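Read-outs: derived from the displayed coordinates by stated rules, not from any lab. Here the structure is a predicted model, which means the values were calculated and not measured. When we count neighbours, we look across all protein chains shown, and the Cβ atoms used for this are built from the backbone with ideal geometry, even at glycine.
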Ligand code: GLU
């Protein structure tokens, strides 16, 4: 079978190809001269499969789409509190190049507007790092997200520098308030180099998928951001990534995203995909017109809105059975299934927390569970501990070690952990009538 996904992407591009509305960015000469007809899309899954259509190898400058990635790199290098000390996380509802600082704290409001991004750039490599050093930190850092070596287009950078009055004004404002402490011109030059790194939609989709995967590049397997920093970056992108169009974007499209004045746009659906589009004509917010329309249709067609409430999780309790064994002890075997998060663990708690449960042996069967998050794991450990405290014999059937507690450093003292159903034999379950139905094949 030929996968229908590339055909779907081709059709999506064709539906929007005729749209010629919008204007080219005119304050950066190379962007003003770009081919307005170029159109591309790429989607990267979290296991590194790329689907694309259109001019997907065409390279353009990353511009403001560099901001979330460089924010992540600065957070990793300096730690979250030190960066928050310099740049806030509040959406502004203002244009990207607004000369604004928070009235009370005197800090740039967020790292997605230029004032914040220029400040973040100035933190790279520590105080007094050179222009060349910061440029290399940026180039190498963005390359890790892309999974290949990217480069700065010096021609684009030189053109932007010629017209950089607004960004130079912002940097001087930041310097006058001691938000940045280095030479403002040099910081702006470095920031412009950052904006001039060349990427294709394939690179951007891969970079987006790195964020979607919690900070791990799907191809190289390299952890680029820690989970906590990755979450910080996505949170800021979600609220501030689309500047003064953030509310409309979030309600209509519902995919945390970042645009750039080159016409690129990328979106991140955590745990699912990274998506990128390219089309150079921009709307009044500086976002690609066709790119935004493609995101709108993808979000609707593929059900990508992050606020679509998932179907209430089907019961994670697959079976809950009671037996009387040969000794006359009451044995309860609860079998769970699927993905267990807080709400699932709450469900389990509720089921097993009946005070009048006259059981002697409690067995929790996790063989059909494919993932348990940290919170659910802690809740279940606590429940098992309490059952043990009540004098019940507790058994965990967990051959895949989903609970992460087999081995000598078991987090469950007093709990018997079985790695194979065969070990159920050691329990005195042989006399159970119903065990023959459910476990007979594996026990015997
Ligand atoms: N280099 C551009 C600037 O700072 C980036 C703006 C954008 O892509 O939104 O003006």
### Message
For the chain, take the longest principal axis of its alpha carbons; what is the angle in degrees between that and the long axis of helix 342-352, to the nearest 10 within 0 to 90?
### Response
10 degrees
### Summary
If one builds a Gaussian network model of the chain from Cα atoms under 10 Å apart, the most fluctuating residue listed among 161, 249, 342 is 342
## Note on the structure
GNM of the chain, Cα pairs under 10 angstrom: of 315, 100, 64, the biggest fluctuation goes to 315
#### Entry: Theoretical ellipticity at 222 nm over the chain - DSSP helices of four or more residues, -39500 (n - 2.57) apiece, nearest 500
-12000 deg cm²/dmol
### Task
Give me 121, 155, 18 ranked fewest to most by other Cβ atoms within 10 Å of their Cβ, as a rough exposure proxy.
18, 155, 121
### Task
Considering only DSSP beta bridges where both residues belong to the chain, give the percentage that are antiparallel (nearest 5).
65 percent
### Query
residue 297 versus residue 343, label points 7 Å from Cα toward the beta carbon: distance in nm?
3.2 nm
### Query
Once the piece of chain linking residue 350 and residue 373 is laid out straight, how much longer is it, given 0.36 nm per residue of separation minus the C-alpha distance between them?
6.5 nm
### Query
Taking other Cβ within 10 Å of each residue's Cβ, how do 107, 327 sort, fewest first?
327, 107
### Query
Hey, how many Å between the Cα centroid of the range 20-65 and the Cα centroid of the range 115-151?
22 Å
### Message
Taking the beta-carbon count within 10 Å as an exposure proxy, list 361, 89 from fewest neighbours to most.
### Response
89, 361
### Message
If you split all Cα-Cα distances of the range 109-265 into 5 Å bins from zero, what percentages do you get per bin, shortest first?
### Response
2, 9, 16, 20, 23, 17, 10, 3, 0
### Length gained when the stretch residue 186-residue 99 is fully extended (0.36 nm per residue, less Cα-Cα span)
29.5 nm
### Query
If you take the Cα Rg of the range 1-155 and divide it by 2.2 N^0.38 Å, with N the number of residues, what do you get?
1.25
### Task
With label points built 7 Å along Cα→Cβ from the Cα atoms of residue 154 and residue 18, find their separation and express it in nm.
4.6 nm
### Potential extension, residue 35-residue 169 segment - 0.36 nm per residue separation minus Cα distance
45.2 nm
### Query
If you line up the long axis of helix 227-240 against the longest principal axis of the chain, both from Cα atoms, how many degrees apart are they, to the nearest 10?
50 degrees
### Query
Using alpha carbons only, how many degrees (0 to 90, rounded to 10) separate the axis of helix 374-389 from the longest principal axis of the chain?
20 degrees
#### Entry: Highest-fluctuation residue, 360, 102, 30 considered, GNM on the chain with Cα pairs under 10 Å
360
